[in-house]
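Reading through the C-alpha cells given below for one structure.
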Amino acid sequence: MQLIPCPWCGPRDEVEFHYGGAAHVAYPEDPQSLTDEDWARYVFFRDNPKGPFAERWCHTASCRRWFNAIRDTATHQVLAVYRMDEAKPVTS
Amino acid sequence: MTVDHPQRRSPLAHLTAELAATPVGVSLSEVPFLTQLNLRVDPLGRAARAVEEALGATLPTAANTAVAAGDLDVLWLGPDEWLLVAPEGRQESLEKSLRQAIGTEHGAVVDLSAHRTTVELSGALARDLLAKGCSLDLHPAVFTTGSCAQLPLAQAPVLLLARDSEMPRYWLLVRTSFAPYVAAWLLDACVEYAASGP
Ligand SMILES: [Zn+2]
C-alpha cells in the first residue's frame, strides 16, 4: 500500500485515488485550425519520462478534488502535490 | 378489511439484536433516520455567511473537520461542500431556511436523509476495530474529536465522524445499500474480542 498526500485531506491510501494522466496539457488555442494529426498529437501523445512526471490525480473516495502531483515514474515516490490553481513546484 | 399502513424500517432494523450483543469493549447501535442535507456554496461568498447566520454555526473550512452547534453537526466534505446532520424530521425546515439564506446567490441544497444510515461505534476497542478495515491514522492526537473523513472501510465507502476520540465514540454514516454489509463486517471483526475480553 502506498500513501498519496491529498492537498486537502493529507496522506491517504492509494486506492482512494484515480489517475488522470499527464498534467499541464494545454487545450489548443485555436481548435478550428488543427489538422487531424495535430488533434491526434493533443489527444493521444504524452511524454513518458523515467523520473519525475507531473500528473493529474483525483481523490475520488473522499473530497473528490482534482489535484496535480509530481511522481517519479521509476520509484512511484510522490515528490510534490499541488492544487489546480497553484504553480508547478520545482523539484530537483 | 383493514389496510396496514406502511411502516418505515431502517436499513439495520433487522440486526438490532446482533448489534446489541457485541463483546465487552465494543458497542454498536444504529442511529436511524437522521436528517442529512448536502450543502454546496462558495465558502468566501455572501451566501456562506447567510447560511452560517441561519444555522447559528460556522461552516468549517479546515479539511476533514466538523463543528457542532446544538444538535446540528456540520461536516466538511470538500472545500465548497458540507453535510449537515440533525435529528430525525428536520429536513424540511432546515432545507427551507438554507434556501432562504442562499436566496439568489449560487449554491445547492440537497436532502440526502435517505441516502445513509448511521452506526454508532463506541468503547475502548472501537479504534482497534476500525483499524482493521481502514488505513486512516485514528490516534486521538491525529483524528481528534470533531474530525471527520470519507474513506473506504472494508472497501465500503463510509463517512466517519469522531464524536469523541478520547472516550472513543464514532459515527459511521453508511449508504443504505452498504449498511448490512458494513454491519456484518463490524460484527465479524469484533468476534475475537469475546475470547480476549476481561
Ligand atoms: Zn482529498
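What follows draws every value from the coordinates through simple rules; no lab data is involved. From a predicted model like this one, the values you see are computed outputs, not experimental measurements. Cβ: placed from backbone, ideal geometry, glycine included. Neighbour counts: every protein chain shown.
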If one compares the long axis through the Cα atoms of helix B:46-55 with the longest principal axis of the Cα atoms of chain B, the angle in degrees, nearest 10, works out at 60
Cut-off under 23 Å on the C-alpha distance; same-chain residues fewer than 8 positions from residue A:50 excluded. Which lysines are left, in chain and number order? A:88
Please compute the average number of Cβ atoms from other chains found within 10 Å of each residue's Cβ in peptide A:2-10. 3
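Once you average over the residues of A:60-67, how many Cβ atoms of partner chains fall within 10 Å of each Cβ? The partial results should precede the final answer.
On the way: counts 1, 5, 10, 9, 4, 5, 0, 0.
That average works out to 4.
Let me have the relative contact order for chain B, percent, based on Cα pairs under 8 Å that are six or more residues apart.
Values: 379 pairs, mean separation 49.8, N = 198.
The normalised contact order for chain B reaches 25 percent.
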May I ask you to sort B:174, B:67 by Cβ crowding, counting other Cβ atoms within 10 Å and putting the fewest first? B:67, B:174
Per-residue ³J(HN,Hα) for the stretch B:14-24, Karplus 6.51 cos²θ - 1.76 cosθ + 1.60, θ = phi - 60°, Hz, x for Gly and Pro: 6, 10, 3, 5, 4, 5, 7, 10, 6, x, 4
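Using +1 on the beta carbon of Lys and Arg, -1 on that of Asp and Glu, and nothing else charged, what's the dipole of chain B about the Cα centre, debye to 20?
So the dipole magnitude of chain B works out to roughly 180 debye.
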Using a cut-off of 14 Å between beta-carbons, work out the net charge of the residues near residue A:86 (Lys and Arg +1, Asp and Glu -1, residue A:86 not included). +3
Compute the signed sum of charges (Lys and Arg +1, Asp and Glu -1) over the other residues within less than 15 Å, Cβ to Cβ, of residue B:49. -4
What are the ³J(HN,Hα) couplings of the stretch B:176-182, residue after residue, when phi is run through the Karplus curve with 6.51, -1.76, 1.60 and θ = phi - 60°? Round to Hz, x for glycine and proline. 3, 6, 8, 4, x, 5, 5
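Roughly how big is the protein assembly as shown's charge dipole about its Cα centre, with Cβ charges of +1 (Lys, Arg) and -1 (Asp, Glu), in debye to the nearest 20?
Details: 24 positive and 35 negative charges, 35 e Å.
My answer is approximately 160 debye.
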Counting Lys and Arg as +1 and Asp and Glu as -1, what is the net charge of the other residues whose Cβ lies under 14 Å from the Cβ of residue B:79? -1
Amide H partners (placed H, <5 Å) of residue B:112, local residues excluded: B:36, B:37, B:38
Given Cβ point charges of +1 (Lys, Arg) and -1 (Asp, Glu) and nothing else, what value in debye, to the nearest 20, does the dipole of the stretch B:35-111 about its Cα centre take? 160
